[in-house]
Amino acid sequence: MADELFTLAAATTGTPASAPFGRVLTAMVTPFHDDGSLDLDGAAALAEHLVERGCDGLVISGTTGESPTTSDAEKDALLRAVVDSVKGRAKVVAGVGTYDTHHTVELARSAEKAGAHGLLVVTPYYNKPPQEGLVHHFRTAADATNLPVMLYDIPARSGVAIRSETLYQLGEHERIVAVKDAKGDVFASSEVMARTGLAYYSGDDALNLALLTHGAVGVVSVVAHVAAREYAQMTRAVDSGDLVRALRLHRQLIPAVRAIMTRTQGAIMAKAAAQALGIIPSRQTRSPLPPATDEQVAQLRADLAEAGLL
């Protein structure tokens, strides 16, 4: 019976061919200089590091990339720097979602011109559109380019969830191919995976293993800034049915998830972790996000050491 369960887990998790944006994606921070200006060299170096550590996908200008406080011109320059740095070794997905459909379309078209391999479109935030508004928004964004689209379902930040019935409709669009799932409802996600061809990516590091064992094809991770190799090992372990090893990796990374995702805003601590590991020179953020304090960094280093990552 155990062998049958392991085989089922591997069969339902997906294969690289069914993962349109890769298996292990990092929701990448945007490096800034100490004066708050964009650090394109730092972004290129960070992207290079993540690919070398096992990421086959990068999300640029997501929330972790502080997209609310970067200009459209900065987003374009950042995307071009990363695309040039990875040189086709990883899928580069551009975060283009806003609470304005017209602006989202403009960003999508700009990202296509800059060389993005796909688009991440978050649920419109703050204005809380009804479900029919979500359908129109996402379909309009998907119609704007020839790039594949990953929907980002994160009701804790956007204020509204994408209902399962809405996902069934959106999954019929030829370019809406994936979901970054940060809804926290594993059963609802399982139902959508069972009824559609949408590729699911865990968008919540605390639930990476849970969603992988329920059929997700990969992760879009913040903690992958420091644990890309371990998450790549976890996805391979689930693929092969080695759930004992996958669980061991999950438990090893609990201190890192706690450190980066629970003590304060994730972008703050992910950037501090990247600096602590010597990947980027500065942990500078943009207001309203404050940079990590020295006390927070000391606790972060202790947590990363506990996880065997420092």
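Sorting the segments 74-84, 286-296 by their mean number of nearby beta carbons within 10 angstrom, highest to lowest, gives 74-84, 286-296. Peptide packing for 169-175, 231-237, 112-118 was compared via the average number of neighbouring C-beta atoms within 10 Å per residue; ordered from the highest value, the list is 231-237, 112-118, 169-175.
For residue 152, the residues 5 or more places off, or on other chains, whose built amide H falls under 5 Å of its own are 121, 122, 123, 180.
Think of the chain as having a plus end and a minus end, set by charges on the Cβ of Lys, Arg, Asp and Glu; of 18, 244, 40, 244 sits farthest toward the positive end of this dipole. The phi-based Karplus calculation (6.51 cos²θ - 1.76 cosθ + 1.60; θ = phi - 60°) puts the 3J(HN,Hα) values of segment 137-154 at 4, 5, 5, 5, 4, 5, 6, 6, 9, 9, 8, x, 10, 10, 6, 10, 9, 9 Hz, whole numbers, x for Gly and Pro. Each residue of segment 84-97 is assigned a 3J(HN,Hα), and the resulting list reads 5, 5, 7, 6, x, 7, 8, 6, 10, 9, 9, x, 10, x Hz, derived from the Karplus form 6.51 cos²θ - 1.76 cosθ + 1.60 (θ = phi - 60°), x at Gly and Pro. With the simple model of a label 7 Å out from the Cα in the direction of the Cβ, residue 175 to residue 69 spans 3.2 nm.
Normalised by 2.2 N^0.38 Å, where N is the number of residues, the alpha-carbon radius of gyration of segment 197-295 equals 1.16. Rounded to whole numbers, the Karplus 3J(HN,Hα) couplings from phi for segment 102-115 are 4, 5, 4, 4, 4, 5, 5, 5, 5, 5, 4, 5, 7, x Hz, using 6.51 cos²θ - 1.76 cosθ + 1.60 with θ = phi - 60°, and x at Gly and Pro. Taking other residues whose beta carbon is less than 12 angstrom from the beta carbon of residue 210, and scoring Lys, Arg as +1 and Asp, Glu as -1, yields -4. Local charge for residue 115 was computed over the other residues whose Cβ lies under 14 Å away, with Lys and Arg +1 and Asp and Glu -1, and equals +4.
Projecting the Cα atoms of 79, 130, 151 onto the dipole axis of segment 73-174, where Lys and Arg carry +1 and Asp and Glu carry -1 at the beta carbon, places 79 farthest toward the positive end. How much of the calculated P(r) for the chain lies past 34 Å, in percent of all Cα pairs? Tail fraction, whole percent: 16. Counting only Cβ charges, +1 for Lys and Arg and -1 for Asp and Glu, the dipole size of the chain around its Cα centre is about 260 debye. Listed by chain and number, the lysines whose alpha-carbon sits under 22 Å from that of residue 87, ignoring those within fewer than 8 places in the same chain, are 75, 113.
Rule-based calculations on the coordinates, nothing more; no lab input. All values derive from a computational prediction rather than experimental measurement. Quick reminder, even Gly has a Cβ in these numbers, built from the backbone with ideal geometry, and neighbours come from all protein chains shown.
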